[in-house]
1. Using the structure shown, decide if Thr24 is farther than 30 Å from Pro170 by Cβ, touching an Asp or Glu at 6+ places or on another chain (Cβ under 6 Å) and not aliphatic (A, V, I, L, M).
2. Looking at Ile95, is it among the aliphatic types (A, V, I, L, M), surrounded by fewer than 20 Cβ atoms within 10 Å (Cβ to Cβ) and over 17 Å from Arg49 (Cβ atoms)?
3. Evaluate the following for Phe199: is it touching a Phe, Trp or Tyr at 6+ places or on another chain (Cβ under 8 Å) and exposed (fewer than 14 other Cβ atoms within 10 Å of the Cβ)?
4. Of everything in the stretch 220-245, what is more than 27 Å from Gly103 (Cα to Cα) and hydrophobic (A, V, I, L, M, F, W, C)? Give them in sequence order.
5. Quick one: in the stretch 64-75, which of the residues that are within 13 Å of the ligand (Cβ to nearest atom) and surrounded by 21 or more Cβ atoms within 10 Å (Cβ to Cβ) is modelled with the highest pLDDT?
6. Given the structure, is Cys79 buried (at least 21 other Cβ atoms within 10 Å of the Cβ) and within 12 Å of the ligand (Cβ to nearest atom)?
7. Could you grab me the full set of residues in the stretch 11-32 that are within 16 Å of the ligand (Cβ to nearest atom) and among the aliphatic types (A, V, I, L, M)?
8. Just for the stretch 150-192: of the residues that are small (Gly, Ala, Ser) and either surrounded by 10 or more Cβ atoms within 10 Å (Cβ to Cβ) or within 15 Å of the ligand (Cβ to nearest atom) (or both), which one is nearest to Ala204 (Cα to Cα)?
Amino acid sequence: MDCLQVLFDHQSLRHFKDEALPQTAVENIKRAVTQTSSACFFQVCTTLRITDRELLIKIGALSGGTMKLAHAPEFWLFCLDFTKLAHAGFIQRSIPFDVFFNGINDCSMACQSALTAAEAQGLGGVAIGGFKRRISEIAQLLKLPHLTAPVLGLVLGVPDEAYREPQQKPRLPQDWLIMDNMWRDPFDEKMFAVYNQEFADYAARRVAGPSHKTWEQACSAMLAKRDATADDLVQYYRSQGFTIG
Ligand SMILES: Cc1cc2nc3c(=O)[nH]c(=O)nc-3n(C[C@H](O)[C@H](O)[C@H](O)COP(=O)(O)O)c2cc1C
């Protein structure tokens, strides 16, 4: 499929057929992930491709109910991994913040490469950050050692087309998201109200669980769901050797 069209057509998919991904598709996704850019070319993103049903069920249970991981064919987990640099001898027990930040960028880019490669082959998926609530238990389960840590997950599968939304999730106006040269404040009450309504109309028509929330209300509900686990997350990254704060 045309690469631009794949990007334009993106929507997150969370329901899949009970089918394995074709092997060629998996190889292509791996190739796309491997070829992704890497800050300073440190190559510090290691991707765990999790297909073992028992592991998927356990990670699903640790991640809360929303992820449907137990039913997903595959979960790809993009992890910081500085062990190779440590083996090479120029990283010791801890990773400075800027280098840690580079690694987060590598993992995010790799995840997007995988998703786009999957979508280009008629597959679908959704990025997953929700697993981080029980990050240290998940990391233990996957035997991640010191100087490694999960950053971002991706559920992949053969889409159940009955759940593809007829409309993509509306974005804020493009010139609120992309600006020429210098930053400006594009906020406008009237346009904001129009966007909120557009989002609520979309949400009401959503195949997978309609709601009547505006974007503002949806964001506020998401923020309210945050809990003390953010502190655990920082604590976990620190314990793995990453300098934060
Ligand atoms: C870093 C990141 C983490 C995400 N985590 C989750 C998640 O834990 N659960 C989920 O259902 N969707 C998750 N998503 C998907 C977003 O909800 C989705 O991209 C957004 O609502 C826009 O919808 P669309 O991708 O269908 O356009 C995540 C997306 C990103 C980029």
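The values are calculated or read from the model by the stated rules, or taken from the named source; none is laboratory data. As the structure is a prediction and not an experimental result, all values here were calculated from the model. For neighbour counting, all protein chains shown are included, and Cβ atoms are generated from backbone atoms with ideal geometry for every residue, glycine included.
1. So Thr24 does not fit the description; no.
2. On the way: among the aliphatic types (A, V, I, L, M): yes; surrounded by fewer than 20 Cβ atoms within 10 Å (Cβ to Cβ): no; over 17 Å from Arg49 (Cβ atoms): yes.
Judged against the criteria, Ile95 is not a match.
3. no
4. Residues satisfying the conditions are Ala221, Ala224.
5. Taking the stretch 64-75 and keeping what is within 13 Å of the ligand (Cβ to nearest atom), we get 64-69, 72, 75.
Of the ones still in play, those that are also surrounded by 21 or more Cβ atoms within 10 Å (Cβ to Cβ) are 67, 69, 72, 75.
Values: Met67: 57, Leu69: 71, Ala72: 84, Phe75: 96.
Step by step, filter the stretch 64-75, then rank; the result is Phe75.
6. Against the criterion (buried (at least 21 other Cβ atoms within 10 Å of the Cβ) and within 12 Å of the ligand (Cβ to nearest atom)), Cys79 does not qualify.
7. Taking the stretch 11-32 first, the residues within 16 Å of the ligand (Cβ to nearest atom) are 11-16.
Across the stretch 11-32, the qualifying residue is only Leu13.
8. Going through the stretch 150-192, the residues small (Gly, Ala, Ser) turn out to be 153, 157, 162.
Next, only the ones that are either surrounded by 10 or more Cβ atoms within 10 Å (Cβ to Cβ) or within 15 Å of the ligand (Cβ to nearest atom) (or both) stay: 153, 157.
On the way: Gly153: 28, Gly157: 26 Å.
Checking each candidate, the answer is Gly157.
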